[in-house]
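To start, the structure itself, in structure tokens.
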Amino acid sequence: MNQKPWHTASFYDYDNHFMYTDRHCVKHSMIDPASGNPPMHYIADIPISLAKSIEGKYFVGTAENLKFGNATNAWARLYNPIDSGVNFFLNVWTATDISSSPFRVQIWFNATPPGIIQESPLVSPANTAYFPYPTPHVRLEYAVGVIGLPEGGTMVFCRSEQAGTTINSEEQGKFIFPPGGSFLVFISNPETPVMPAIGKIAFGWWEEPICNMP
């Protein structure tokens, strides 16, 4: 079995001669099977999200059945526990399958949300070739049928769309949250507040250890 524990694997340093570097490049050596000539070397840039998936640091997750409307709201967030020992880098988020009514999405940094907090079980490492699977420190939390807005923190983005529309954004890791921080997607339907609605919110992110942690 060629799989390696996720915390020790450096890239594909198995029999295929791939090597990983800090510049997120792929180096590969290959012998021409027809001629038997010496190895041919090449380097290819790869996206940061793929590099972090190869390292076992990239995770994806979804909060489903987010019920709101009837004068209530819903939200989902990535929350970094205060004792996690990592920073997390938000790569992508999506609000989709919003049914029944026009809706509004607000993005909040480091806010305290209303409602009863639940944790989504629908979270997985993006690289399922590692054994055992890496486990995220960050929690994917959500709440449904909440009243009121998040408190504290900062609302950095707001957008309204029609029912059935998908809102997504690829952030490429530029939103960074330390222990105690959070990235929250808040959904509501203020144009038709008495109409029931439902949707789901998904995230992709990676985590890096904080090197100066004691």
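Readers should treat all values here as calculations from the given coordinates under stated rules, not as data from a laboratory. Quantities reported herein were computed from a predicted structural model and do not represent experimental measurements. For neighbour counting, all protein chains shown are included, and Cβ atoms are generated from backbone atoms with ideal geometry for every residue, glycine included.
Can you give the net charge of the other residues whose Cβ lies under 13 Å from the Cβ of residue 89, counting K and R as +1 and D and E as -1?
Every neighbour counted, the sum reads -2.
Can you give the FRET efficiency to the nearest 0.05 for residue 155 and residue 118, using r as the Cβ-Cβ distance and R₀ = 25 Å?
0.65
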